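Single-structure report; data block below.
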Amino acid sequence: MYPLLKLLHVAAAVIFLGNIITGLFWHAHAARTRDPKLLAHTMVGIIRSDRWFTIPGVVGLVVAGVGLAIAGRLPIVRTGWILWSVVALTLSGVIFAVRVAPLQRALLALAGAAAAGTFDYGRYRALSMQWEIWGGAALLTPLAAFALMVLKPWP
C-alpha cells in the first residue's frame, strides 16, 4: 500500500504545482496581447483548471500524505518536515481562497465587461499585478513544502 500512496502523493504534487505554474504562465502570455476576449478566455480556463486540477491535487496530497504518515508510522506534528510542509500547504490554501480566487473572478469580470464596450486595461493590469504577486506566494509556499518533502532536512 505504501508504494501506491507514494505514487498518488507524487502525482498529486506534480498536478497541483504544474497547474499553478501553468496558470501564471498562460495569464502572462495572454496579458501581453491586451485583448480582453483573450484575457477573459484565459481566466475562464485558469478558473476551470483550478477546479479540475488544483483542488483535486490538494485532496490527493492530503489524503495520500496522511496515509503515508500513518503507514510509515510518522507522527505528523512531531516530524518537522511533515509539519512545516502541512503549514506551507495550508498557507498556500489560505492565500488562494482569500486573495487569488477573488482576484481571478475580478479579472474575469473586467475582461468580460469588454463585450459591453468597456475595458479598463489600466485597472485590469493593476489587479493582474496583485494576482501575480499573490499567485506567486500561493506557488512558493507549496514549492517550499515540496523541497521539505524531498530533502527531509530534520526529523
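The numbers here are math on the coordinates, done by the rules we state, and not lab data. Keep in mind the model is a prediction, meaning the values are calculated, not measured. Methodologically, a virtual Cβ is constructed for each residue, glycine included, from the backbone with ideal geometry; neighbour enumeration extends over all protein chains shown.
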Give me the pairs: first residue in the range 39-54 and within 22 Å of Gly122 (Cα to Cα), second residue of a type in the set (Val, Ile, Thr), beta-carbon distance under 9 Å, and six or more apart or on different chains, which are they? Leu39/Thr33; Ile46/Thr22
Within the range 114-155, count every residue that is under 21 Å from His41 (Cβ atoms) and in a helix (DSSP H, G or I). 16
Here are some conditions: (1) closer than 20 Å to Arg32 by Cα; (2) surrounded by fewer than 13 Cβ atoms within 10 Å (Cβ to Cβ). Leu108 meets all but one. Which one does it not meet? (2)
Please go through the range 83-102 and give me each residue that is touching a helix residue (DSSP H, G or I) at 6+ places or on another chain (Cβ under 6 Å), aliphatic (A, V, I, L, M) and surrounded by 18 or more Cβ atoms within 10 Å (Cβ to Cβ), ordered by number. Ala88, Leu89, Ile95, Val100
